[in-house]
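Asker: The structure is given below, and queries will be raised subsequently.
The values are calculated or read from the model by the stated rules, or taken from the named source; none is laboratory data. As the structure is a prediction and not an experimental result, all values here were calculated from the model. Here the Cβ positions follow ideal geometry from the backbone for every residue, glycine too, while neighbour counts run over all protein chains shown.
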Amino acid sequence: MTKNLRVKSSEYIDETNRVSFKFNGKTYHGFKGDTLASALLANDVHLVGRSFKYHRPRGIMSCGSEEPNAIVQINPGSDRTEPNVRATEVEIYEGLEAISQNCWPSVEFDIGGINNFISPFLPAGFYYKTFMWPASFWEKYEFFIRHSAGLGKSPTTSDPDTYDHRNLHCDVLVVGAGISGVLAAKNAAKNNFKTLLVDEKNELGGSTIFENNEFNKIDNKTPSDWLKKEIEELKSIKNLEIKTRTSVAAYHQYNYLLARENLTDHLEIKNKKNKIRQRLLKIRAKKVILATGSLERPLIFNNNDRPGIMLSSAVKKYSEFYGVACGNKNVFFTNNDSAYESALSLHNKGINVEAIIDIREQSESKIVKKVNDVGIKIYRSYTIVDTAGYKRINNISIMKLSNDGTSVIGNKISISCDCLGVAGGWTPAVHLYTQSGSKLTFDEEKKAFLPNKNTSEQISVGSCNGDFKLDEIFNNLKKKIKEMLNINETDFDNIKVENDQENSKRNIWLLPSDKTLGKTKPFVDYQNDATAKDIKLALREGFRSIEHVKRYTTTGMGTDQGKLGNMHALGIIADTAGVKMGELGTTTFRPPYTPLTFGTIVGRNVGKFFDIFRRTPMNDWHVENKAEFENVGQWKRAWYYPINGETMHQAVQRESKSARESAGILDASTLGKIDIQGSDASEFLNRVYTNAWSKLAIGKCRYGLMLNEDGMVYDDGVTTRLGENHYIMSTTTGGAANVLGKLEDYLQTEWPELDVYLTSVTDHYATASLCGPNSKKILKKIIPDLDLSDENFPHMSFKETNIGNIQCRIMRISFTGEHSYEINVQASYGKNLWEKCMEAGKEFNITPYGTETMHLLRAEKGFIIVGQDTDGTMTPIDLQMDWIVSKKKYDFIGKRSLYRSDTMREDRKQLVGLLTDDPEIVLEEGAQIVSKLNQSPVEMLGHVTSSYFSPNLNKSIALAVIKGGKDMMGKKLFIPMEDKNINVTVANPVFYDEKNERLNA
Amino acid sequence: MFLINCPYCGERDQQEFKAGGEAHIERPKQPTELSDDEWAEYLFMRKNIKGVQFERWNHTHGCRKWFNMVRDTSNDEIKAIYKMGEKPPSQ
């Protein structure tokens, strides 16, 4: 039977609702309302984990999200397991399981603990220094380092939970629901501002909700009682939305904040199912009130990390809020009055307080007098020089501090204890404030970095602004929210506030011991085991920038991001280097404030929603006919149609042969289509394409090449003149959106005088491309009335007609070199059109072909694919397409760049054909081309851009870009591969039907 | 994440927009008259100021209109927004 340290009933703990949970395999009981930490403490469990580097036993330090030590693995082995969870934030539920991390075989007996005894040999930078040499040994070192390091284990199965994103807009966002946040939110909402109040805890009220210091009074009540009444009133206020268990992770510019709302983590496993686990709130607020409070700092002294050493404020909260005594023999160690509040609170509950060790010589405040009066022993001007107890503190040694605070004098006094509450002052939680881009000022008196900016969009109130006393809080809050909200009064203008005054302060960042620093272990960063010694070592080794010291010593780099110890690190650096804290600055506070799960970040964008994809109207047909698909941009395009177990190669060879011998059909719906209208449309095309457009007759089509202003090929496609002032431009599938954007850019910004309107109609049309010598016969069967003679409907012309009742546009254009037609219908008729073509083509063995065959057929003809044969460094001249560049036009996009000295170089890479000496060898796309073998360094002339085995020519063909390739016709070159050298010959890139006779076949 | 006041649509989130580089670089009316250096100046040279910068922005997921923005790159404060063709505000 474990001890029960539940000492008092608490309104926040439901003692009628007993909850059982497992920790490290053992079953414990707590109550609804407990956190894992409070329930463990109630069972007298302090040892919960091992530290990262030295594997020292560690206990629960705090009661909030700043916890560095008590991080556990939740529900190990289940698909919902989560590592590195702070026990102080986990609300227990029936069936919860948790285990300690970073220990083996158990937290009680941890092999890695040996590191603690060899720690003199593991200083800061140990890994950097030691494992540098020999370099080849790194793989061996790494195995052991990775094995012994690491925190929890990530889940290995997919996450069963659902996550969500939500956009929220509000007039006023209040972050933190302590006394300042509650008052601010209430007054904002009452003045008709749409207000959102968020807090990471499940209860409102912050630390004031359990504040029963008899010397602090609001309206003659205890702060706790007064605030409870205020919170009760919130419920009836309109315009106010309250979100608890919601932690603001990031504060970006223009009051854009991200928050994680926790919806099911506190529920029993059976109740988690079919619910959204966490929701990422994307909040855009007109005004933000930061009331994020402050974090209590520990003190830095020898062996300050043992289980049972906790923050003084945490000891108080466990007793007041959770009704749990953290120990039976409590001692406090402090440099301010906070510990006295904790001591008195414990004393009033009948919990034994042995002593208070205060580094100050005196304090005149009422609470100190009262603590003295109730008989608690106070050691003034003393410091702890050492602690004892391996798995739980059991003793402390104290000595008198010298006047200057740098050494200890006199005799050592030993005090037995089982819990030590430390109070090192308060650090305002300015993380979100600095994330928003604002700067901090160091306040010498308060020993804190404070916000120095308040605008009409953002204010900091309460203790995150350095206001720790009730009168300060009320006065500043009043003034600031009146200014921000532009209101004349608040509902707490006339509330009378009294508080005790703390007059005496003494701050020593690193407390001395009777041993030298080298023989002590004063931890600054608990999670990463960085000690004051490590920080001083870093300074001795020449590190000066705070950011460098941080990385070298790993101070502040754990999952807690150094919320507790960062200030001490700065203080020690400042003291050692002899500079002022304010000059040193701080390390950067980066989002997220507390860790976010990947699930929250991605929300619903998982599985098939990870990336959007587009399908053509004929897609169902392709699926039914077993097509394989490839991704082209966001499109899913039919790649090839294997039949009877064909390989891709077999299918493509068959499709390619059929298309040339009889008839083939391709789904070309994905090509970009831009409708261009306006009285200056012809002029516009003249400016954007390299060739001339003014004389294109209505009903005719023309191929165009588009350059960037730097002269490099950007896109290509066929544009058809539909009317006097009406064109339809087609673009590459992947380039459609960018081309439209580019054209819009020129129209709006360079040539606003042109009367031209652009509309994307890509999705409005479905396109079937019918090709091959029998394509004409097939089209005739579908549209018997249309005169398909070369006189009436020649190559590069257009007809608007009907297929039955369906309107269609037909272009006689060809990307394969065969006689072919591109038939466009309204998208919804796409599948119908396709089926009609298949039906009519049956007698000609019409063969559907995919993108791979399309690529092969066009390569046989030497037609380029922008993006495959070009890469943003190819001019039309490089592509040997001089014929398409108008010499007559004064200007077009990219023209001037074609005459730059660089673009006119003769030895630029130019597009050529390549034939392998052995016609059976198919080159690899991307393979490098050289002119000499066995040369070092090898001069690489260029590379293969497209390569296929042509079934129609019965040999391998390739396109390549080669330096000075234009003048290399017939030259023998080599392609060195891993296992062989391939002999190739430079050839004309048009391999098939050079005279274009088949277009009119 | 900026909040951008599109001159055609009003305030919208930054994710609806795309930045388009430095503003007020006019495409030369007679490119063929320019030397290689002059053309390169237009084509490649852009300022990268820490401080007040004039930029082009496009409301890509909205009205698709281009407009100009004056932004302090040191603190991302948007000082002014004005339509294409309008004069930049004097500083």
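Asker: Report yes if B:LYS65 is over 16 Å from A:GLN748 (Cα atoms) and either facing chain A (nearest Cβ under 10 Å) or in contact with a strand residue (DSSP E or B) (Cβ under 7 Å, 6 or more places away or on another chain) (or both), otherwise no. Break it down stepwise before answering.
Answerer: Details: over 16 Å from A:GLN748 (Cα atoms): no; either facing chain A (nearest Cβ under 10 Å) or in contact with a strand residue (DSSP E or B) (Cβ under 7 Å, 6 or more places away or on another chain) (or both): yes.
No.
Asker: May I pose another question? Yes or no: region A:456-465 includes at least one residue that is at pLDDT 90 or above, in a strand (DSSP E or B) and surrounded by fewer than 23 Cβ atoms within 10 Å (Cβ to Cβ).
Answerer: Pass one, region A:456-465, residues at pLDDT 90 or above: A:457-465.
Okay, now just the ones that are also in a strand (DSSP E or B), so A:458-460.
Next, only the ones that are surrounded by fewer than 23 Cβ atoms within 10 Å (Cβ to Cβ) stay: A:458.
For region A:456-465, residues at pLDDT 90 or above, in a strand (DSSP E or B) and surrounded by fewer than 23 Cβ atoms within 10 Å (Cβ to Cβ): present.
Listed here are the residues, each with its yes/no results for (1) over 22 Å from A:ALA448 (Cβ atoms); (2) buried (at least 21 other Cβ atoms within 10 Å of the Cβ); (3) under 28 Å from the mean Cα position of the chain (by Cα).
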site	(1), (2), (3)
A:ILE508	no, no, no
A:ASP514	yes, no, no
A:GLY518	yes, no, no
A:ASN528	yes, yes, yes
A:LYS533	yes, yes, no
A:ARG540	yes, no, no
A:VAL549	no, yes, yes
A:GLY562	no, yes, yes
A:ASN566	no, yes, yes
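Asker: What number of residues within region A:231-258 are part of a strand (DSSP E or B) and more than 14 Å from chain B (Cβ to nearest Cβ)?
Answerer: The qualifying residues number 7.
Asker: Taking region B:20-51 as the search range and keeping residues that are touching a Pro at 6+ places or on another chain (Cβ under 9 Å) and touching a residue at least 24 places away in the same chain (Cβ under 8 Å), which one is nearest to B:ALA80 (Cα to Cα)?
Answerer: Here is the first cut: in region B:20-51, the residues touching a Pro at 6+ places or on another chain (Cβ under 9 Å) are B:23-24, B:34, B:38-39, B:42.
Checking the rest, the ones that are also touching a residue at least 24 places away in the same chain (Cβ under 8 Å) come to B:23-24.
Numbers: B:ALA23: 13, B:HIS24: 15 Å.
Top of the filtered list is B:ALA23.
Asker: If we scan region A:470-492, do we find a residue that is at positive phi and either outside any loop (DSSP other than H, G, I, E, B) or not assigned by TED's automatic domain parsing to the domain that holds A:MET399 (or both)? Can you show your working first?
Answerer: Applying the first criterion (at positive phi) to region A:470-492 yields A:486.
Going one step further and asking which of them are either outside any loop (DSSP other than H, G, I, E, B) or not assigned by TED's automatic domain parsing to the domain that holds A:MET399 (or both), we end up with A:486.
The answer is yes; a qualifying residue exists.
Asker: Follow-up question, since we're still on this one. List the number of the failed condition for A:LYS270; all other conditions in (1) under 36 Å from the mean Cα position of the chain (by Cα); (2) surrounded by fewer than 17 Cβ atoms within 10 Å (Cβ to Cβ); (3) touching a residue at least 40 places away in the same chain (Cβ under 8 Å) hold.
Answerer: With (1) under 36 Å from the mean Cα position of the chain (by Cα); (2) surrounded by fewer than 17 Cβ atoms within 10 Å (Cβ to Cβ); (3) touching a residue at least 40 places away in the same chain (Cβ under 8 Å) applied to A:LYS270, the lone miss is (3).
Asker: Going by the conditions given, is B:GLN30 at pLDDT below 95, out of contact with any Gly (no Cβ under 9 Å at 6 or more places or on another chain) and not basic (Lys, Arg)? Explain how you work it out, then say what you get.
Answerer: Values: at pLDDT below 95: yes; out of contact with any Gly (no Cβ under 9 Å at 6 or more places or on another chain): yes; not basic (Lys, Arg): yes.
Yes, satisfied.
Asker: Residues being buried (at least 17 other Cβ atoms within 10 Å of the Cβ) and either in a loop (DSSP other than H, G, I, E, B) or in the same structural domain as A:ASP467 (by TED's automatic domain parsing) (or both): count how many of those fall in region A:406-421.
Answerer: Initially, region A:406-421 is screened for residues buried (at least 17 other Cβ atoms within 10 Å of the Cβ), giving A:408, A:415, A:417-421.
Filter once more, so that each one left must be either in a loop (DSSP other than H, G, I, E, B) or in the same structural domain as A:ASP467 (by TED's automatic domain parsing) (or both): A:417-418.
Of the residues in that region, 2 qualify.
Asker: OK, next. Under 7 Å by Cβ, and 6 or more places apart or on different chains, what pairs join a residue from region A:592-614 that is surrounded by 13 or more Cβ atoms within 10 Å (Cβ to Cβ) with one that is part of a loop (DSSP other than H, G, I, E, B)?
Answerer: A:THR594/A:SER65; A:PRO595/A:THR559; A:GLY599/A:ASP159; A:GLY599/A:ASP161; A:ARG614/A:GLN634
Asker: What residue, of A:ARG279, A:ARG284, is within 14 Å of another protein chain (Cβ to nearest Cβ), of a type in the set (Lys, Arg) and more than 28 Å from A:MET61 (Cβ to Cβ)? Full working, then the answer.
Answerer: Numbers: A:ARG279 fails: within 14 Å of another protein chain (Cβ to nearest Cβ).
So the residue among A:ARG279, A:ARG284 that is within 14 Å of another protein chain (Cβ to nearest Cβ), of a type in the set (Lys, Arg) and more than 28 Å from A:MET61 (Cβ to Cβ) is A:ARG284.
Asker: Anything in region B:1-14 that is within 12 Å of chain A (Cβ to nearest Cβ) and of a type outside the set (A, V, I, L, M)? List them, or say none.
Answerer: Result: B:PHE2, B:ASN5, B:TYR8, B:GLU11, B:ARG12, B:ASP13, B:GLN14.
Asker: Quick check on region A:721-760: of everything there that is more than 9 Å from chain B (Cβ to nearest Cβ) and of a type in the set (D, E, K, R), which residue is surrounded by the most Cβ atoms within 10 Å (Cβ to Cβ)?
Answerer: Only one residue fits best here, namely A:ARG721.
Asker: Could I ask something else about it? Considering only region A:659-670, how many residues are part of a helix (DSSP H, G or I) and in contact with a Gly (Cβ under 6 Å, 6 or more places away or on another chain)? Spell out the reasoning first.
Answerer: So the first thing to find is which residues in region A:659-670 are part of a helix (DSSP H, G or I), and the list is A:659-661.
With in contact with a Gly (Cβ under 6 Å, 6 or more places away or on another chain) added as a condition, the list becomes A:659.
The total comes to 1.
Asker: Give me a count of the residues in region B:65-91 that are surrounded by fewer than 17 Cβ atoms within 10 Å (Cβ to Cβ), out of contact with any Pro (no Cβ under 6 Å at 6 or more places or on another chain) and basic (Lys, Arg).
Answerer: Of the residues in region B:65-91, 2 are surrounded by fewer than 17 Cβ atoms within 10 Å (Cβ to Cβ), out of contact with any Pro (no Cβ under 6 Å at 6 or more places or on another chain) and basic (Lys, Arg).
Asker: Among the candidates A:LYS370, A:LYS329, A:LYS377, A:LYS366, which residue alone is touching a helix residue (DSSP H, G or I) at 6+ places or on another chain (Cβ under 8 Å) and of a type in the set (D, E, K, R)?
Answerer: Details: A:LYS329 fails: touching a helix residue (DSSP H, G or I) at 6+ places or on another chain (Cβ under 8 Å); A:LYS377 fails: touching a helix residue (DSSP H, G or I) at 6+ places or on another chain (Cβ under 8 Å); A:LYS366 fails: touching a helix residue (DSSP H, G or I) at 6+ places or on another chain (Cβ under 8 Å).
Going through A:LYS370, A:LYS329, A:LYS377, A:LYS366 in turn, the sole match is A:LYS370.
Asker: Does A:HIS795 qualify as being farther than 21 Å from A:ALA766 by Cβ, surrounded by 21 or more Cβ atoms within 10 Å (Cβ to Cβ) and touching a strand residue (DSSP E or B) at 6+ places or on another chain (Cβ under 9 Å)? Full working, then the answer.
Answerer: Values: farther than 21 Å from A:ALA766 by Cβ: yes; surrounded by 21 or more Cβ atoms within 10 Å (Cβ to Cβ): no; touching a strand residue (DSSP E or B) at 6+ places or on another chain (Cβ under 9 Å): yes.
No; evaluated as a whole, the condition is false for this residue.
Asker: While we're looking at this one, here's another question. Looking at this structure, is A:LYS521 under 30 Å from A:HIS568 (Cβ atoms), of a type in the set (D, E, K, R), outside the structural domain of A:SER119 (by TED's automatic domain parsing) and in contact (Cβ under 8 Å) with a residue 40 or more places away in the chain? Steps first, please.
Answerer: On the way: under 30 Å from A:HIS568 (Cβ atoms): yes; of a type in the set (D, E, K, R): yes; outside the structural domain of A:SER119 (by TED's automatic domain parsing): yes; in contact (Cβ under 8 Å) with a residue 40 or more places away in the chain: yes.
Yes, satisfied.
Asker: Which of the residues belonging to region A:479-491 are in contact with a Leu (Cβ under 9 Å, 6 or more places away or on another chain) and crowded, with 18+ Cβ neighbours inside 10 Å? Please lay out each step first, then the result.
Answerer: Quick first cut of region A:479-491, residues in contact with a Leu (Cβ under 9 Å, 6 or more places away or on another chain) only: A:481, A:490-491.
A:ILE481, A:THR490, listed by residue number.
Asker: If we scan region A:918-941, do we find a residue that is away from every other protein chain (no Cβ under 14 Å) and within 19 Å of A:ASP710 (Cβ to Cβ)? Step through it out loud before you land on a result.
Answerer: Kept after step one, since they are away from every other protein chain (no Cβ under 14 Å), are these residues of region A:918-941: A:918-941.
Now restrict to residues that are within 19 Å of A:ASP710 (Cβ to Cβ): none.
Looking for residues that are away from every other protein chain (no Cβ under 14 Å) and within 19 Å of A:ASP710 (Cβ to Cβ), one finds none in region A:918-941, hence no.
Asker: Can you tell me how many residues within region A:345-372 are closer than 21 Å to A:GLU211 by Cβ, in contact (Cβ under 8 Å) with a residue 24 or more places away in the chain and of a type in the set (Lys, Arg)?
Answerer: 3
Asker: Suppose the filter is surrounded by fewer than 14 Cβ atoms within 10 Å (Cβ to Cβ) and within 10 Å of another protein chain (Cβ to nearest Cβ); does B:GLU26 pass it? Break it down stepwise before answering.
Answerer: Values: surrounded by fewer than 14 Cβ atoms within 10 Å (Cβ to Cβ): yes; within 10 Å of another protein chain (Cβ to nearest Cβ): yes.
Against the criterion (surrounded by fewer than 14 Cβ atoms within 10 Å (Cβ to Cβ) and within 10 Å of another protein chain (Cβ to nearest Cβ)), B:GLU26 qualifies.
Asker: Hey, could you check region A:893-903 for residues that are free of Cβ contacts under 8 Å to residues at least 24 places away in the same chain and assigned to a loop (DSSP other than H, G, I, E, B) and say which is nearest to the other protein chains (Cβ to nearest Cβ)?
Answerer: By that ranking, first place goes to A:SER901.
Asker: Mind telling me which of the residues B:PHE54, B:PHE17 ends up being away from chain A (no Cβ under 11 Å), touching a residue at least 12 places away in the same chain (Cβ under 8 Å), of a type in the set (Phe, Trp, Tyr) and more than 26 Å from A:HIS169 (Cα to Cα)?
Answerer: Values: B:PHE17 fails: more than 26 Å from A:HIS169 (Cα to Cα).
Every option except B:PHE54 fails the conditions.
Asker: So if I check each of A:LEU290, A:LEU258, A:LEU267, A:LEU295, which one is modelled with pLDDT of 95 or more and in contact with an Asp or Glu (Cβ under 6 Å, 6 or more places away or on another chain)? Lay out the reasoning, then the answer.
Answerer: On the way: A:LEU290 fails: in contact with an Asp or Glu (Cβ under 6 Å, 6 or more places away or on another chain); A:LEU258 fails: in contact with an Asp or Glu (Cβ under 6 Å, 6 or more places away or on another chain); A:LEU267 fails: in contact with an Asp or Glu (Cβ under 6 Å, 6 or more places away or on another chain).
Testing whether each residue is modelled with pLDDT of 95 or more and in contact with an Asp or Glu (Cβ under 6 Å, 6 or more places away or on another chain) leaves just A:LEU295.
Asker: A follow-up question, please. Got at least one residue in region A:192-200 being under 16 Å from A:LYS480 (Cα atoms), part of a loop (DSSP other than H, G, I, E, B) and in contact with a strand residue (DSSP E or B) (Cβ under 7 Å, 6 or more places away or on another chain)?
Answerer: The initial filter retains those residues of region A:192-200 that are under 16 Å from A:LYS480 (Cα atoms), namely A:193.
Filter once more, so that each one left must be part of a loop (DSSP other than H, G, I, E, B): A:193.
Applying the additional criterion that residues be in contact with a strand residue (DSSP E or B) (Cβ under 7 Å, 6 or more places away or on another chain) yields A:193.
Yes; the residues of region A:192-200 include at least one that is under 16 Å from A:LYS480 (Cα atoms), part of a loop (DSSP other than H, G, I, E, B) and in contact with a strand residue (DSSP E or B) (Cβ under 7 Å, 6 or more places away or on another chain).
Asker: Using the structure shown, decide if A:THR875 is outside any strand (DSSP E or B) and either of a type in the set (D, E, K, R) or closer than 30 Å to A:ARG896 by Cβ (or both). Break it down into steps so the answer makes sense when it comes.
Answerer: Values: outside any strand (DSSP E or B): yes; either of a type in the set (D, E, K, R) or closer than 30 Å to A:ARG896 by Cβ (or both): yes.
Yes; evaluated as a whole, the condition is true for this residue.
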